[in-house]
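Data block below; observations after.
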Number of protein chains: 2
Amino acid sequence: MTPPKTIEALRASVLENYDSLSKRLQQIAKYVLDEPNDFALETVAVLADRCGVQPSAIVRFAKSFGFDGASQMQKLFRDDLLAGQSSLGYAERIRQFKDEVGKAKVTGPMQILSEFVDSNILALGHLREDISERDLNEVIKFISDSENVYVAGFGRAFPIASYFAYALSRLNKRTFFIDGVGAYYHSYNRSMTSRDLMIAVSFPPYSPETLETVAGAAEKKCKIVTISDSRVNPLSTHASVALTVKDGEVRQFRSLSVSMCLAQSIVIGYAFQNPKDIASD
Amino acid sequence: MTPPKTIEALRASVLENYDSLSKRLQQIAKYVLDEPNDFALETVAVLADRCGVQPSAIVRFAKSFGFDGASQMQKLFRDDLLAGQSSLGYAERIRQFKDEVGKAKVTGPMQILSEFVDSNILALGHLREDISERDLNEVIKFISDSENVYVAGFGRAFPIASYFAYALSRLNKRTFFIDGVGAYYHSYNRSMTSRDLMIAVSFPPYSPETLETVAGAAEKKCKIVTISDSRVNPLSTHASVALTVKDGEVRQFRSLSVSMCLAQSIVIGYAFQNPKDIASD
DNA sequence: CTAATATTGAAAAATATATTCCAACTCCGA
DNA sequence: TCGGAGTTGGAATATATTTTTCAATATTAG
């Protein structure tokens, strides 16, 4: 017998077969339908207690619906709990997804492209929930209010940073891209003021250049916005707003698509609040 | 020592003491902050695995924040998970969210982010179909076979090009990024040979720099791969392989997420065919 | 450089949890 | 009332998970 694959399927099955269940099993069925959360989190012992039955009855119940045991049934409830908690649970889903595709052993470039596409789609879907409206608005207000914008980002973060620099200057914002050419970046700090904004993009391993630049900017009381992929990062200490992005990932390699999407949303959001500057991208 | 009573208290405490934690404990701290769900549901063993530490380290972590053990700490996360799980179903919450952003003055930044996400998801889905396996394989073979790779891309294409340059050189491929600093790009042509590859990324309006660089490379019989968003573009004349990407678009503004996804797939595809060079991304 | 101190990994021990088993029980039809 | 199929409780067993311990390693101060 094959077990239900989703909570809904299980519910349906329980409802349908309810009358043919034995007394104890009906007790449990009632509880399953009423308190799915308990089933996600509690041990079979306490479940049994709450239903007023023996632990073995819980196992029997699970088996009678096609599961290997109570534990396997609990997985269903846990996954569902996580799915409902989407903004928090997507890392788990990405991992689940990775496990799935991991099984398909073929590793042609097309396969990689496909995995990358899927994982980016998943990750993009959650960007909405990971970024708060308040933060987004605040960042855009910072850009609007600042005299000059400094942008820093090295290594993997460079493409994102360079987009900011390019796009903002196209929108007639005075923007300086601290690109490390000529190890010139020290001197930027000198001219920063509290009316300026620094946008720092950085992913592990955090480059010392970015750190130094941000620290320098902080000394000058420059507003600081950081974009990173973890809440804990050496930059956020100084940040006025710290945006966190979870990018897609395929076999160790993290994507930049979602970070790029965020960067562009910020720029475009800014552009629409200052329509006179829009020329064309 | 008395343990935090709420997740927020715990978070605060972790953040506050982060610097004084040992290396392993910091690893765990990061994970605690970034993936609270995992801590609610997974066993100590898998948590340890995901943090890259020993199970005992997780217990130590919990104790260092005043808990009796890891299990007690997990209770906190579980309670929180349950609390956050309002009576609303998932679908309903999404709907609510959509309504919210729908109401927000039609062009709030959050609305733009949301539209951008949607359009990128759509566009990503098409990427699979727009790129042929043959082309993808050929590009990767070009990279493998070439002595040197030259990468060019200006304006909006710059972030994509810079990613290629960064990632390929990390994989120990001899890569030259023609970045236009010092209008230096003319001279690159001189050293190109038929054993080299040029990757040119360009979107309208096609920058004369890219055009000139590509033309120069063609003269030297250099292999040429172009990435663009239209089949008809001044670059493709010279191209051995011309990849075409349709990026997402929101109110005039074209995204770069899909192009970035393609770029990364190429690089990773290359990396997997030359495994010895993979260090970390 | 050395010694004291702290951190870490690995595995053993303790604990908790799930599952199986079987004797006792219930229910029903003959 | 009897017999048997199906159900149940609870103990026994198997499994899994967490916690402790300790030797090895790394870090720090003198």
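When region A:232-242 is filtered for residues that are touching a helix residue (DSSP H, G or I) at 6+ places or on another chain (Cβ under 7 Å), outside any loop (DSSP other than H, G, I, E, B) and closer than 20 Å to B:Gln26 by Cα, the ones remaining, listed by number, are A:His238, A:Ala242. Under the condition of being part of a helix (DSSP H, G or I) and open to solvent by 40 Å² or more (accessible area, probe 1.4 Å), the residues counted in region A:1-30 number 15. If you go through region A:154-177 and keep only what is in a loop (DSSP other than H, G, I, E, B) and either within 10 Å of another protein chain (Cβ to nearest Cβ) or in contact (Cβ under 8 Å) with a residue 60 or more places away in the chain (or both), you end up with A:Phe154, A:Leu171, A:Asn172, A:Lys173. Within the option set B:Ala57, B:Ala40, B:Ala70, being within 11 Å of chain A (Cβ to nearest Cβ), in contact with a helix residue (DSSP H, G or I) (Cβ under 8 Å, 6 or more places away or on another chain) and modelled with pLDDT of 85 or more holds for one residue only, B:Ala40.
What do you reckon, is B:Leu25 at pLDDT 90 or above, within 14 Å of DNA strand C (Cβ to nearest atom) and in contact with a Ser or Thr (Cβ under 7 Å, 6 or more places away or on another chain)? If you could, list the steps in order and put the result at the bottom.
Values: at pLDDT 90 or above: yes; within 14 Å of DNA strand C (Cβ to nearest atom): yes; in contact with a Ser or Thr (Cβ under 7 Å, 6 or more places away or on another chain): yes.
Taking the combined requirement at face value, the residue satisfies it.
Restricting region B:43-52 to residues that are surrounded by 15 or more Cβ atoms within 10 Å (Cβ to Cβ) and more than 14 Å from chain A (Cβ to nearest Cβ), the residue that is farthest from DNA strand D (Cβ to nearest atom) is B:Ala48. Annotation: B:Asn37 fulfils all but one of (1) within 15 Å of DNA strand D (Cβ to nearest atom); (2) more than 22 Å from A:Ala40 (Cα to Cα); the unmet one is (2).
Which one of these is of a type in the set (Lys, Arg) and away from DNA strand C (no atom under 13 Å from the Cβ): A:Lys75, A:Lys30, A:Lys63? That would be A:Lys30, the only listed residue that is of a type in the set (Lys, Arg) and away from DNA strand C (no atom under 13 Å from the Cβ). B:Gln85 satisfies every condition listed in (1) within 11 Å of DNA strand C (Cβ to nearest atom); (2) modelled with pLDDT under 90 except (1). In region B:11-31, the residues that are on the phi < 0 side of the Ramachandran plot and within 13 Å of DNA strand D (Cβ to nearest atom) form Cβ pairs under 9 Å with partners that are assigned to a helix (DSSP H, G or I) and of a type in the set (Asp, Glu), at six or more places apart or across chains, as follows: B:Gln26/B:Asp19.
Given the conditions (1) modelled with pLDDT of 85 or more; (2) facing chain B (nearest Cβ under 10 Å); (3) in contact with a Ser or Thr (Cβ under 7 Å, 6 or more places away or on another chain), report the number of the one that A:Lys223 does not fulfil. So the condition that A:Lys223 fails would be (2). Being modelled with pLDDT of 80 or more, outside any helix (DSSP H, G or I), acidic (Asp, Glu) and touching a Leu at 6+ places or on another chain (Cβ under 9 Å) is the requirement here; does A:Glu129 meet it? So A:Glu129 does not fit the description; no.
Find all pairs meeting these conditions: Cβ atoms under 6 angstrom apart; at least six residues apart or on different chains; first residue within region B:53-77 and surrounded by 16 or more Cβ atoms within 10 Å (Cβ to Cβ); second residue part of a loop (DSSP other than H, G, I, E, B). Short answer, once both residue conditions are applied: B:Val59/B:Gly69; B:Ala62/B:Gly69; B:Phe67/B:Pro3; B:Met73/B:Phe67.
The values are calculated or read from the model by the stated rules, or taken from the named source; none is laboratory data. Keep in mind that this is a model prediction, so the values were computed, not measured. So basically every Cβ, Gly included, is an ideal-geometry build from the backbone, and we count neighbours across all protein chains shown. Ligands, DNA and RNA are excluded from the accessible area calculation, which covers all protein heavy atoms including side chains. Shrake-Rupley method; radii C 1.70, N 1.55, O 1.52, S 1.80 Å.
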